Amino acid sequence: MTGSLDEARLVDLARRLKGAEADGWSGSALRALAEEIGQGREGAAEPRLRSVGRFEEDFVHGGQEYIGLYVPVAVPEGGAAAKAAAFREAAEILTKEFGPAPIMGVYGDPGPFYDSTPLWGSPFLRWRGREDTVELHAGEHGPELLLQPTDPVENWFWRQGHGEHYAIGGFFGTRRDPANAGLGIPGRWRTDDWDVFASALGDFLTTLPAETTALGIELDLGIHALVPGTYGPVLFHLSCAERLEIVYDPEPLDTDPTDPTSFGWIPAATRPAALDHWLDCPYHSGDFGIGEVDGRALARMIVDTLRGLGVASPKDLSLTDHAQRVGDYRVDYYGLTLQENP
């Protein structure tokens, strides 16, 4: 907790957004709302409206002039760690006021309506409404509150389930909550190309400690690999809360034709793993905090290991059956592109 946010002011702002009358997202109503919210924000970044443009118009209904009202709630000094901490603080305040968000996740790249996402990470918490939705959202300079019409962003997300490479990144989690009635979850994309998989995995890993810190969650993922002559044992376990570490366990294999250290794995006998894992593994990646992750290098280390073991394709990988349960949320990992067990 940074202690930098005015709790009463943040709650008041969120209440005003949740109770706002957007009047079909017409120009006059939204401009008046933005002007009203902007009053008295001395020293704070101004609210901004997002117009319906060529990237948004395919996902809206007729007559909508705007598709979002963004209100910065903190512009912390410092890098990704400060932004993640400010997001986490805002999230705890809003959760105390409104209860757990029905939807949480990480956008990855692209963001809604094909936006580029912030370099530090793209976490979000969404209090979904039938007509309009309030979201705690990662801005480039820190957390923002976003008021948006519910249908367009969900329409965009649903239509990304076309299966093409890089269609959706990050991950998307939902709770059993009446607010999520009628919510559609798009299909995932997968690849049989190791280079495509390595690129997507690297992007997923690079900002993960900032995103899990911001959301206050821990990811606990085991990865099965169909090594020739096996039934697909769990070879890797990824743990990430405020730090990220991956362990590698070749022991279920009858023989390991590779030298794991040649790919960059650190022997636990030389330096023990730093985080708790449910696999007691002889090798690990090292542990990394916010801003320390070289996602491309970690992804390449995993891919080179798998190819050295003779795994034919990324389609021969899958997640352990508990991986989709994160606290009260069921999570789909779009950025990992892996088959998920029910």
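The table below gives the values:
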| item | result |
| --- | --- |
| Cβ-Cβ under 8 Å pairs, at least 6 apart or on other chains, the range 105-120 side in contact (Cβ under 8 Å) with a residue 40 or more places away in the chain, far side open to solvent by less than 20 Å² (accessible area, probe 1.4 Å) and charged (D, E, K, R) | VAL106/GLU211; PHE113/GLU56 |
| Check on ILE302, at pLDDT 95 or above, of a type in the set (A, V, I, L, M, F, W, C) and within 30 Å of ARG126 (Cβ to Cβ) | no |
| Hits in the range 252-267 (condition: of a type in the set (D, E, K, R) and either in contact with a strand residue (DSSP E or B) (Cβ under 9 Å, 6 or more places away or on another chain) or surrounded by 12 or more Cβ atoms within 10 Å (Cβ to Cβ) (or both)) | ASP256 |
| Qualifying positions in the range 161-186 - touching a strand residue (DSSP E or B) at 6+ places or on another chain (Cβ under 6 Å) and over 17 Å from ASP132 (Cβ atoms) | GLY170, PHE171, PHE172, GLY173, THR174, ARG175 |
| Residues satisfying the stated conditions in the range 186-232, i.e. aliphatic (A, V, I, L, M), within 17 Å of the chain's Cα centre (by Cα) and part of a helix (DSSP H, G or I) | ALA200, LEU201, LEU205, LEU208, ALA210, ALA214, LEU215 |
| Sole exception among (1) surrounded by 17 or more Cβ atoms within 10 Å (Cβ to Cβ); (2) part of a helix (DSSP H, G or I); (3) under 18 Å from the mean Cα position of the chain (by Cα) for ILE290, by number | (2) |
| Residues of the range 13-45 classified as of a type outside the set (A, V, I, L, M, F, W, C), surrounded by 12 or more Cβ atoms within 10 Å (Cβ to Cβ) and under 17 Å from LEU136 (Cα atoms), total | 3 |
| Any hit, the range 316-327, residues being in a helix (DSSP H, G or I), open to solvent by less than 50 Å² (accessible area, probe 1.4 Å) and of a type in the set (A, V, I, L, M, F, W, C) | no |
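The values are calculated or read from the model by the stated rules, or taken from the named source; none is laboratory data. This is a predicted model, so every value here is computed, not measured. Note: ideal-geometry Cβ built from the backbone for every residue, glycine included; neighbour counts use all protein chains shown. Just so you know, the surface numbers come from the protein's heavy atoms only, side chains and all, with ligands and any DNA or RNA stripped out. Shrake-Rupley method; radii C 1.70, N 1.55, O 1.52, S 1.80 Å.
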